[in-house]
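Report on the structure given below.
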Amino acid sequence: MSVKTDFLVVGSGIAGMVYALKVAEHGSVYLISKTNLEETSTKYAQGGIAAVMYSPDTYDKHIEDTLKAGSLINNEEIVRITIKESTERVKELIEWGTHFDKDSSGRYNLAREGGHSEFRVLHHKDNTGFEIQRALTSKIKNHKNITVLENAFTIDLITQHHLGENVRRNGKNIECYGAYVLRDNNVETVLAKKTMIATGGIGNIYQTTTNPIIATGDGLAMAYRAKAIVENMEFIQFHPTSLFNPAEKPSFLITEAMRGSGAVLKTQNGKEFMYKYHELGSLAPRDIVARAIDNEMKLSGDEFVYLDPTSISEKEILDHFPGIYAKCLKQGIDITKDCIPVVPAAHYSCGGIKTDKFGCTSIKNLYASGEVASTGLHGANRLASNSLLEAAVFSHRAALDSVKGIENLRFKSNIPAWNAEGTVLNEEMILITQSKKELQSIMTNYVGIVRSNIRLKRALDRLQIIYQETEDLYDKSIISEEICELRNLINVAYLVIKFATIRKKSIGLHYSIDY
Ligand code: FAD
Ligand code: SIN
């Protein structure tokens, strides 16, 4: 089956939805989610969205904090654009129905997180992402030009490759004509004039992650296979404080805003340790805090450290952190009195599909926004709460670019239907589930917070075996979401290892004992 739409949007988090709402004023939109519309990383965001709202904060201060966190290898033009457009984009989210907390004087109640020199994080209690997702989902569902496809798994982008032509990476001639989408066991050809990849993160290449199970790097892997330019994949951010509970997947996040409100990190025998590592103590940038915790756990042999929230008043805990309070209580921890056991967990991919200041990728008519994209905003490490902002800013800009001349574009003809010839049903799920576990073990043990040349080489050698086995299985199996996700995870893990191997220097989130 083949369908046509002006705009194909893969992903229903903040990046996909902001873009969809804007381009829908200019044509038909297909918005695709691989599970339900609401199941995204966006939904789980806790801390909030950073934006300059009131003095004494200024754009310059937010710009400086972003550059400092990114070890100055950010793209400065992109940093300036993002921060200077922050107020306007946040106001738009508010106009679209998002509620952020206010204080008794009616001003937005701003939180502070690691690396921020001012209080500038707008939030809705400790479930900001849920609130943003709610507001956007309701607008999307009511838009007459948007067709939502849930439980629709995008397999691959369609380019000249599918017409039998050879395309080169970095070649200027590659074009995107839409995507193959798996739905109800059928592969549909979705032809589009413009395609937006907004598929989010890659956390599930690791054993422990804050990311929901949908975060398997699909968009990144399919863009890489289509020969788009990808960058900065070595910069994987580990959030310092996820709730210690090895039985729980994904790991539950304890927002950095708690440290902004006064919570401090301590060893299991009650000693504060962060000032040994940075002058900002527990509020140092994330890369430094995560490495410090990793080091303290290695020194002590402990499986977790403590976050002590007891200096925060009970009223503030209940008003600002009700979700964390309820979650911890279920685990027998009363955070108005007790310390919280925490460990770092894979959280965010700073690199991704390279885009310009209008979200354009190196492939014609293909855009990327949100966590899957690399705009250059984050450099070597993302400043907390800058990612929801980045998605809003660049989805807006991508929409401005996408609608130009849309009425004059034609759909590509002669695109072949998905070729399933010679494939059979894979009856041994173990071949997929076990490879996924092996992959996550390789990445966790050899490509984690601290790396070395020998560990990276070992990771690549091990990955090669799983890669070949999976490609063979993929070629002969009837297509399924499980085999596609495994293949995507492997592609993305390969990129992280490759980029980490090429970076012969410790900087930001890439820390190697050899440099
Ligand atoms: P997502 O919101 O992850 O959406 C991805 C979409 O792509 C989903 O709809 C999914 O179904 C779809 N998709 C993926 N693959 C396919 C496929 N093959 N076919 C079809 N659809 C597909 N950032 C902040 O700025 N502030 C915070 O406070 C904050 N807190 C966070 C807390 C947690 C627990 C986590 C995990 C992240 C947090 N982040 C935060 C990061 C931020 O939430 C994400 O970077 C951001 O929400 C990503 O948005 P997105 O639109 O790019 O992707
Ligand atoms: C958090 O609330 O600590 C997460 C913020 C972020 O990832 O930006």
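Assorted remarks:
- Taking the range 47-66 as the range and being at pLDDT 95 or above, within 7 Å of ligand 1 (Cβ to nearest atom) and in a loop (DSSP other than H, G, I, E, B) as the test, only 48 passes.
- Candidates are the residues of the range 77-108 that are of a type in the set (S, T, N, Q) and free of Cβ contacts under 8 Å to residues at least 40 places away in the same chain; the one that is most open to solvent (accessible area, probe 1.4 Å) is 104.
- Just one of (1) within 15 Å of ligand 1 (Cβ to nearest atom); (2) open to solvent by less than 40 Å² (accessible area, probe 1.4 Å); (3) in contact with a strand residue (DSSP E or B) (Cβ under 8 Å, 6 or more places away or on another chain) fails for residue 44. It is (2).
- Elements of type strands (runs of 3 or more DSSP E) contained in the range 286-387, each with 3 or more residues being within 16 Å of ligand 2 (Cβ to nearest atom): 340-349
- Under the condition of being of a type outside the set (Lys, Arg) and surrounded by fewer than 24 Cβ atoms within 10 Å (Cβ to Cβ), the residues counted in the range 352-375 number 5.
- Qualifying residue in the range 53-72 (condition: open to solvent by 10 Å² or more (accessible area, probe 1.4 Å), farther than 25 Å from residue 233 by Cα and among the hydrophobic types (A, V, I, L, M, F, W, C)): yes
- Of all residues in the range 415-442, those that are among the aliphatic types (A, V, I, L, M) have Cβ atoms under 8 Å from Cβ atoms of residues that are assigned to a loop (DSSP other than H, G, I, E, B), 6 or more apart or on another chain, in 415/177; 420/478; 420/479; 424/478; 425/478; 432/426.
- Scope the range 17-46; condition among the polar types (S, T, N, Q) and within 19 Å of residue 191 (Cα to Cα); matching residues: 28, 33
- Checking residue 322 against (1) farther than 15 Å from residue 47 by Cα; (2) modelled with pLDDT of 95 or more; (3) not hydrophobic (A, V, I, L, M, F, W, C), the condition it does not meet: (1)
- One residue from 413, 402 being closer than 30 Å to residue 6 by Cα and modelled with pLDDT under 95: 413
- Residues in the range 262-317 that are of a type in the set (Val, Ile, Thr) and more than 12 Å from residue 241 (Cα to Cα) were compared, and the one that is surrounded by the fewest Cβ atoms within 10 Å (Cβ to Cβ) is 310.
- Search result, residues across the range 191-240 that are among the aromatic types (Phe, Trp, Tyr) and either closer than 23 Å to residue 43 by Cβ or surrounded by fewer than 24 Cβ atoms within 10 Å (Cβ to Cβ) (or both): 206, 224, 238
- Pair list, Cβ under 6 Å, 6 or more apart: the range 189-214 residue more than 19 Å from residue 27 (Cβ to Cβ) and more than 11 Å from ligand 1 (Cβ to nearest atom), other residue of a type in the set (Val, Ile, Thr) and not in a loop (DSSP other than H, G, I, E, B): 205/492; 206/444; 207/444
- When the residues of the range 25-46 are filtered to those that are within 16 Å of ligand 2 (Cβ to nearest atom) and in a loop (DSSP other than H, G, I, E, B), the one that is farthest from residue 385 (Cα to Cα) is 40.
- Unique residue being more than 16 Å from ligand 2 (Cβ to nearest atom), of a type in the set (Ser, Thr, Tyr) and touching a Phe, Trp or Tyr at 6+ places or on another chain (Cβ under 7 Å) when the list is 5, 98, 87: 5
- Checked against (1) in contact (Cβ under 8 Å) with a residue 24 or more places away in the chain; (2) surrounded by fewer than 19 Cβ atoms within 10 Å (Cβ to Cβ); (3) part of a helix (DSSP H, G or I); (4) touching a helix residue (DSSP H, G or I) at 6+ places or on another chain (Cβ under 7 Å), residue 259 passes all but a single condition, namely (2).
- Residue 248, sole failed condition from (1) assigned to a loop (DSSP other than H, G, I, E, B); (2) within 13 Å of ligand 1 (Cβ to nearest atom); (3) under 26 Å from residue 315 (Cα atoms): (3)
- Residue in the range 247-255 that is open to solvent by 10 Å² or more (accessible area, probe 1.4 Å) and free of Cβ contacts under 8 Å to residues at least 12 places away in the same chain present: yes
- Failed item in (1) closer than 30 Å to residue 399 by Cα; (2) open to solvent by 40 Å² or more (accessible area, probe 1.4 Å); (3) within 16 Å of ligand 1 (Cβ to nearest atom), with residue 326 passing the rest: (1)
- Counting only helices (runs of 4 or more DSSP H) that fall entirely inside the range 74-164 and contain at least 3 residues that are within 24 Å of residue 10 (Cα to Cα) and among the charged types (D, E, K, R), the qualifying elements are 128-141.
- Count - residues of the range 178-190 that are touching a helix residue (DSSP H, G or I) at 6+ places or on another chain (Cβ under 8 Å) and crowded, with 24+ Cβ neighbours inside 10 Å: 1
The values are calculated or read from the model by the stated rules, or taken from the named source; none is laboratory data. The shown structure was predicted, so the numbers you read here are calculated from the model rather than taken from an experiment. Cβ sites come from the backbone with ideal geometry, for glycine too, and all protein chains shown count toward neighbours. We work out accessible area using only protein heavy atoms, side chains counted, and drop any ligands, DNA or RNA first. Shrake-Rupley method; radii C 1.70, N 1.55, O 1.52, S 1.80 Å.
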